[in-house]
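S.K.: Please see the structure below; I have some questions.
The values are calculated or read from the model by the stated rules, or taken from the named source; none is laboratory data. Because the structure is a prediction, the values reported are computed rather than measured. Neighbour counts are summed over all protein chains in view; Cβ atoms, including those assigned to glycine, are modelled from backbone coordinates with ideal geometry. Heads up: the accessible areas ignore ligands, DNA and RNA and are worked out on the full protein's heavy atoms, side chains in. Shrake-Rupley method; radii C 1.70, N 1.55, O 1.52, S 1.80 Å.
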Amino acid sequence: MDLKKKISFISAGILILLNFFAWQQVFALQDENLEVYFLDVGQGDSQFIETPDNRQIIIDGGPGDAVLGELGKIMSFADRKIDIVVLSHPETDHIQGLVDVLKKYRADYILQAGVERDFEGFYEWQGVLAAQQKQGAKVINVKAGDAIYVGAVEFEILAPLEDLSGVNMEESSNEACLVAKLIYGANSFLFTGDIGFETESRISSFADSDVLKVAHHGSKYSTSESFLAAITPDIAVIEVGRNSYGHPTTETLQRLAKFGIQTLRTDKSGTIKIVSNGDALQIQ
């Protein structure tokens, strides 16, 4: 091999090697991202989270099996495990799809406030919990002050403020929601379930967050001005579908606009993905 060919061969090898390391670095940077999906499940709530170390968390599942289709777009076909499953509260538009999720996927941990309701969907929930426990899942009733650490991500429980394990809610469990704040570096996400003004006022002093999952699909009885002033979000996401309740209400949309908060809606945009590198947020 003459000198010119040798130089060309060595140069090509160096370029290939540099390209390999460049892609290694790109993948390393990607691995540092937290991905939060606000799933389009109709008139209901469901959020899917993938942490920088590839741990998966799902909060609520919406009113039916639409959540399975959304998960199928995100998760690998062969993936049949979700690390942490969270139920905010036992209402049909949050619990029913989560029942379907736990029939298909195995969980390591299942978090809930522990409140009870008397309806078929809750009895189904109890059934899948029992089945998951037989497979080794740990069911944990949580309250304010509890925290779960998933690698570099902290999952901080802000509500309920008292232990509600076994408490039966006859009419509504909205104010008994599990409210969680997800913290990654300088960024934070607040998952509010269906809380109203009462619970908002009780947690506002420690709920400051960059991204707000708007409570109760934009009901006029949630997302007060005082709450928005306290938590100062840059982005708000309303999970909502076709409904007869008038969600999201004009009152709530006006309050969000008054504070200059960028507001996204699943009924307008479909599933919404927000990515954090620990310093900055990107909407996809």
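S.K.: So if I check each of 102, 34, 98, which one is touching a residue at least 12 places away in the same chain (Cβ under 8 Å) and in contact with a helix residue (DSSP H, G or I) (Cβ under 7 Å, 6 or more places away or on another chain)?
M.R.: 102
S.K.: What is the one condition in (1) polar (S, T, N, Q); (2) under 20 Å from residue 206 (Cβ atoms); (3) assigned to a loop (DSSP other than H, G, I, E, B) that residue 172 does not satisfy?
M.R.: Here residue 172 clears every test but (2).
S.K.: For residues in segment 211-262 being part of a loop (DSSP other than H, G, I, E, B) and open to solvent by 70 Å² or more (accessible area, probe 1.4 Å), which is nearest to residue 201 (Cα to Cα)?
M.R.: Once the filter is applied, the top-ranked residue is 221.
S.K.: Given (1) within 23 Å of residue 70 (Cβ to Cβ); (2) touching a helix residue (DSSP H, G or I) at 6+ places or on another chain (Cβ under 9 Å), identify the lone condition not met by residue 235.
M.R.: If we test residue 235 against (1) within 23 Å of residue 70 (Cβ to Cβ); (2) touching a helix residue (DSSP H, G or I) at 6+ places or on another chain (Cβ under 9 Å), just (2) comes out false.
S.K.: Another one. I'd like the residue in segment 101-115 that is open to solvent by less than 60 Å² (accessible area, probe 1.4 Å) and assigned to a strand (DSSP E or B) and, out of all such residues, is farthest from residue 81 (Cα to Cα).
M.R.: Only one residue fits best here, namely 112.
S.K.: Let me ask something additional. Filter segment 79-95 down to the residues that are in a loop (DSSP other than H, G, I, E, B) and touching a residue at least 60 places away in the same chain (Cβ under 8 Å), then identify the one that is surrounded by the most Cβ atoms within 10 Å (Cβ to Cβ).
M.R.: 88
S.K.: Given the conditions (1) within 18 Å of the chain's Cα centre (by Cα); (2) touching a residue at least 60 places away in the same chain (Cβ under 8 Å); (3) open to solvent by less than 40 Å² (accessible area, probe 1.4 Å), and given that residue 281 satisfies all but one, which numbered condition is not satisfied?
M.R.: Every listed condition holds for residue 281 apart from (3).
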